[in-house]
Structures are given as C-alpha cells and as structure tokens.
1. Taking the options Ile296, Ile314, name whichever one is of a type in the set (Val, Ile, Thr), open to solvent by less than 60 Å² (accessible area, probe 1.4 Å) and closer than 26 Å to Val141 by Cα.
2. Out of all the residues in the stretch 211-242, which are assigned to a loop (DSSP other than H, G, I, E, B), over 24 Å from the mean Cα position of the chain (by Cα) and over 11 Å from Ala165 (Cβ atoms)?
3. How many residues are at pLDDT 75 or above and surrounded by fewer than 12 Cβ atoms within 10 Å (Cβ to Cβ) if we restrict to the stretch 13-31?
4. Evaluate the following for Ile329: is it open to solvent by less than 30 Å² (accessible area, probe 1.4 Å), out of contact with any His (no Cβ under 7 Å at 6 or more places or on another chain) and not small (Gly, Ala, Ser)?
5. Kindly indicate which of Val103, Val120 is closer than 19 Å to Gly211 by Cα, aliphatic (A, V, I, L, M) and open to solvent by less than 50 Å² (accessible area, probe 1.4 Å).
6. What residue, among those in the stretch 91-100 that are surrounded by fewer than 16 Cβ atoms within 10 Å (Cβ to Cβ) and in contact (Cβ under 8 Å) with a residue 24 or more places away in the chain, is nearest to Ser215 (Cα to Cα)?
7. Determine, yes or no, whether Leu143 is open to solvent by less than 10 Å² (accessible area, probe 1.4 Å) and at pLDDT 90 or above.
8. Out of Glu60, Glu47, Glu35, which single residue is at pLDDT 80 or above, open to solvent by 30 Å² or more (accessible area, probe 1.4 Å) and more than 18 Å from Val315 (Cβ to Cβ)?
Amino acid sequence: MRIHISDLQVGDRLTRDTFNSIGLNILSADTKVDEFDILKLNKHQIEYVDIEERLQPGLEAQTETAVSAELSKQEESFHTAIGGIKDLFESAVRTGKFSDPVVEQYYTPLISSVREEKDVVNLLLCLDSRDDYTYQHSVQVGLISYFISTWLGKCEEEAKQIGKAGYLHDIGKCRISFDVLQKPGKLTNEEYAEMQKHTVYGYEIIRNSIGDDLSALVALQHHERLNGRGYPLGKTSEAIHPAAKIVAVADVYSAMINNRSYQSKRDLLYVLKELHKMSFGELDPQAVHVFIANMIPNFIGKKATLSNGQSGTIVMTFPNDYFRPLIQIDEAEDTFIDLTQRTDLEIQSITV
C-alpha cells in the first residue's frame, strides 16, 4: 500500500525501491525500515513510499517463522540432494548404473524448494555444506543450471531437465581415483589426462543407466569450450549442445566460488568478472550475461569495500557496466561514488 512518509512506522517493509528527485536509490525494496531510514527519507524529501500491508498484532512473528521454515526447507532439500548424489556415485561404482527414480527422488524436491527464490546470491551462499566438494558441487551446478535456463526463457520442464543434467554432470568422477580427485596441488600430465576421462565415463554411465541423451551429452561436453580448447573432443561453438553450454557456466561458477583442496574460495564479484572475461571465446556469452544480469541486482543493499579503504552500500547498478555500481559511503550518507566515473577505484569485496 502507498502511504505518506509521515505515516511510515519503524518495522514497515518497503515493496518498491525508493528514489530521490535525481534518481538515486535511497532505500531498496524489501527494506525493513528503522528510525534512521525514516530520517534518511525525510532528508531526501521523499513524500510517499510503498509498503507491505501491515500485519495484525501477533502475525509478524508468524511471518518470520514462515520465512525461517522456508529456509529450513531449502537447506533440508539441499543436504538431501547431496546425500542423493553420494548414493548415485556409490551405485555407479558398485554396479556401473543408477536408477532414474532415485535421481528424481532427490532432485525434484530440491527444485521445488527453490523455484520461487528471488535472491539467488543469498541462496547459493546460505546453502553451504562441509561435505566432499564433488558432491556439493554437483548439487550447486544443478541449481544454477536450472536458474540460468529459466532466465534464458526456457519452459519449466526444459529448465528442470537441464538442471537435472547439471546435477548429474560429474557422475563420471566415480571412476576417477580418489588420490587424483583430492590431490592438493597441480595435477601431472598423466593425472590430468585421467581426470579428463570423467566426461566420457559420465556419458557412458548415464546412457547405460537411464538412457537420457540430454544428460549424457552434457556430462560429455560440459568441459568443451567455444574456441575448441576444451575436452574431451575439442568441439567448437555450434557443435556443443546448448544445454552443455549452460551447465558449463554453472560448473565454472561453482568451481571458482568454493574452497577446494588446491584453491582458495574467491570473492563473488571476482568470480563474476572472470566469467565475463570467459564469455569472449570460451563460455556461451548469452548464458554468462543472463547469469550476471540476474545476480548483480541482488547486490543492491549489500556492503562493499573499495580499494581506497572506504566502505558503503551499493544503491544502484548499471546495465552497461555490471561491475561498477553506485556506492553510498558509510561515513557520509550524502556522499556517493559512481564507479563508472571513478575508474581509479575498484570494489575489493562485497559482504552478502
């Protein structure tokens, strides 16, 4: 509902971004306002804001409980899906196969629990696990592949199929020796050659298990690159299946954002910048750019530390330069730094 600023109360939640007369984002949608926010709105001469319908006494606690329950449901589905991929790996090791009903048993509830999620940045960071990297990575790639597919305009069924392919993309690693998978350092040429075989193994296992041609091709091709410098077949551009191109983006993002035995966790913005670079010749540009375009808006309202030591809140992002937003400086609320103009400054880190 739309109300005058004089009627705004501490605890009201905004339903729309609030801009001042020159177009600066003063408060973001979903902000639960406090007394300082109300002062800020008055200072910028904001007259009207849009807020959620106020809850009757006692209902606010119920709403917070519902939000907490939703996150718990997502976390439960995430960890269950990790347990599921472990079961699939073990089945493939024992028998060389796995069953499609078992895949659906673990994958479908995962997608159902996150389908309506808007802040994918927070979701991916909240859904973390201390499980073996390979298993968590498989679940993350399934989730991210699903989201990218929906953002590309795929129908729900196709997005779920591509997400499922992402969930299964590394199943071939069940045939790679544990020492190679967990080696805390650079692989030798022989070890790297062995690691590359997981794509072919995955293709064979999926074809022999469930006959899913899409998932099998994705397992085979998710390390191919548009410039022909990928593996196992060195395919280029149009020869790579579109679904494999989507899963490749999710695979690279998840690999870079996580701690691994031979690599430290990278800052989120750094990872998105690296993906952007890879969209020029290696990864599918459409999939990369739609991923970045849907991740970056979630940074609004997040804290950023700049290369000069200043920190502030991201209040606006620009579609022509994803990585140089407008920052409202903490020490002086009337001071804004437009990084599209201040090319001498960079964002060092973002607190999500």
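The values are calculated or read from the model by the stated rules, or taken from the named source; none is laboratory data. The model shown is predicted, which means the values in this text are computed figures rather than measured ones. Don't worry about glycine lacking a Cβ; one is built from the backbone with ideal geometry, like all the others, and counts go over all protein chains shown. Ligands, DNA and RNA are excluded from the accessible area calculation, which covers all protein heavy atoms including side chains. Shrake-Rupley method; radii C 1.70, N 1.55, O 1.52, S 1.80 Å.
1. Ile296
2. Gly211, Gly228, Arg229, Tyr231, Pro232, Leu233, Gly234, Lys235
3. Number of matching residues: 0.
4. Yes; evaluated as a whole, the condition is true for this residue.
5. None of the other options fit; the residue is Val103.
6. Asp100
7. Considered against the rule, which asks whether it is open to solvent by less than 10 Å² (accessible area, probe 1.4 Å) and at pLDDT 90 or above, Leu143 comes out as yes.
8. It is Glu47.
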